1. Between Leu43 and Glu540, what length comes free when the chain is fully extended (0.36 nm per residue of separation minus the Cα-Cα distance, one decimal in nm)?
2. Residue-wise, which Karplus ³J(HN,Hα) couplings in Hz belong to region 133-142, taking 6.51 cos²θ - 1.76 cosθ + 1.60, θ = phi - 60°, and x for glycine or proline?
3. What does the net charge come to around Ile323 if you take all other residues with beta carbon closer than 13 Å to its beta carbon, with K and R at +1 and D and E at -1?
4. Sticking with the crude label model, points 7 Å out along Cα→Cβ, report the distance from Arg272 to Lys425 in nm, one decimal please.
5. Run the helix sum for the chain: -39,500 (n - 2.57) per DSSP H stretch of 4+ residues, divided by residue count, reported at 222 nm to the nearest 500 deg cm²/dmol.
6. So between Asp520 and Asp36, what do we pick up on full extension, going 0.36 nm a residue minus the alpha carbon distance?
7. By per-residue mean of other Cβ atoms within 10 Å, what is the highest-first order of 120-131, 265-276, 177-188?
8. Highest mean first, what order results for 308-316, 250-258, 28-36, 349-357 on Cβ atoms within 10 Å?
Amino acid sequence: MTEIIIKNGTIYTMNPKLPKVSALAIMDGKFIYVGDDINTLKLAKKDSQIIDLKGRTITPSFIDYHVHAHDGARSKLYEIKITAPNSLSDLVNKVETVCKNFKSGKWIRIFTTNLLIAEELKTDKARKAIAEVSPNNPTLINFMYHSIFANEVALKAADLFHKNHQDKGIVCDPISENPTGLLLEHAGSLIFKACPPFSNEQQINAARESAKIFNSQGVTGFQHAVTSETQLKAYQNLDKADELSVRVSACIARDTLVVPKEEGIGMEVAKRHDEYRSNRLRADGVKFFMDGIVPLQTAAMIDPYLVESKHCGDQAFTKAELIENIIPYDKMGFSVKIHAVGDRAIRSCIDAIEEVRRINGPGRPHSIAHLTYITQQDIARLKSLNIVADLCPPIWFFSDMIKKNEKLLGKERSHRIFPISDILKSEALACAATDWPVLEIIPNPWFTIQTMITRENPSDPSLGKLGADQAITLEQALPLYTINPAKAMGWGDLTGSIEVGKSADFIILNQDPFKVPVNDLLETKTVSTWFEGRKVFEVEN
């Protein structure tokens, strides 16, 4: 490969021993020199490609520590995306518009957000209204994976349209006892058995599209938070064809909340994980779900929700069950990622990991995804137990979701959301992520970074700061998207910083993020993305 010399720039390396340089030299996909212009140019040969940055800025390319990239790309290619409905009537109108374009009998998959209308979907009124506008097509509406609404035709196709359901999560009308169509958390998987699967070609196309989407945002690595074997095979297909332009650290799905059982999940897939291992692809993680989310009242809290039933939300496992399930994966050298939003679920996860460490001894880092309402008591335990703080999605500012949380938890408790600064002070390894496509935004790391720093809603800063004492600096935020996730995923010696011997993974930016106002960080754009020393994205014009 031709040597590449990059000079005359502002290069932030994420290497504390040499934090800022002006030039780089790359050969065979790796950095062979990091330093000043004069010494870098001494390495130039007749056929060297010399790139003059003309003062532009370089940072390591980003690593997104928690995404559903394949699912999001597949949804973009093969599902219908509708804007978040603000009411049942709005949803009905949108579904009606979609259904008009489909032949009778064809399954329709719709993806959207806004779980805040869930209460309106818990009665026969919702089922009948959706049925009226979709009488001939089995239709699924995916609300951010934590709930699916299935119309009456789809419920019947899956043999779910009957009374007195014993399956947890199938919401039934309190009077008729018929299922309304709303399937919460794991109950959503019950509809998959009737839905036609995606073809192998579609799965591969989705993997390819996911890499393109993330490369365009300056990302060359991500942890795929819930992964089926079908999705692993799609990424491996690209890897073997030398088409994979991201590093994928896959967490194998332990259950069917996000992916259907038929695509391959659990221990049987874990036993084959070495078959997928390469410098770009690993499948040495496994994903558990301990609870749900606050707007659906499925997050497990220590104190009750402020609703009539005064319930605290349920955990998917008892502590003993979680320990029993983690132990074999931990013994196999897997890194376990556990979804936990509520403070009770988080504490149970930490307790379980503590016991696993006692039984198995120290091992690979495990991570808890979200840590949304972690307590100070439990923050202090993360570092000693080698637990990675997986901080996502970026909802640590005032929004409609926070308003909903205020009603369910009270202002004081709901405003204790994501104590990021305190987590960093504890010196626990922390990583940032978008959780794409959970929010209605592109997987832009600068959105996450800016809101971590400001704790303000970029669309309306006048709403004020949510948890202003938990705001962090740009210097603190950048490692959360670069070297920290590389370390957490076991790739710290390969990527995450600009150092001699590491893979030449970096981005050229349109502005120096350290020289613009904090509220302008969102205007930072990726001019080009480089992976293993080759350009995998360049902005048009």
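What follows is calculated from the coordinates using simple rules that are stated; it is not laboratory data. Here the structure is a predicted model, which is why all the values come from computation and not from measurement. No Cβ is skipped: glycine too gets one built from the backbone with ideal geometry, and neighbour counts run over all protein chains shown.
1. Between Leu43 and Glu540, full extension yields an extra 175.8 nm.
2. Whole-Hz 3J(HN,Hα) from phi for region 133-142: 9, 9, x, 10, 10, x, 10, 10, 10, 8.
3. Residues near Ile323 contribute -2 overall.
4. 4.9 nm
5. Values: 17 runs with 150 residues, N = 541.
Roughly -8000 deg cm²/dmol at 222 nm, from the helical runs in the chain.
6. 171.3 nm
7. Numbers: 120-131: 19.6, 265-276: 15.8, 177-188: 22.4.
Packing proxy ranking, top to bottom: 177-188, 120-131, 265-276.
8. Put in order of decreasing packing, that is 250-258, 349-357, 28-36, 308-316.
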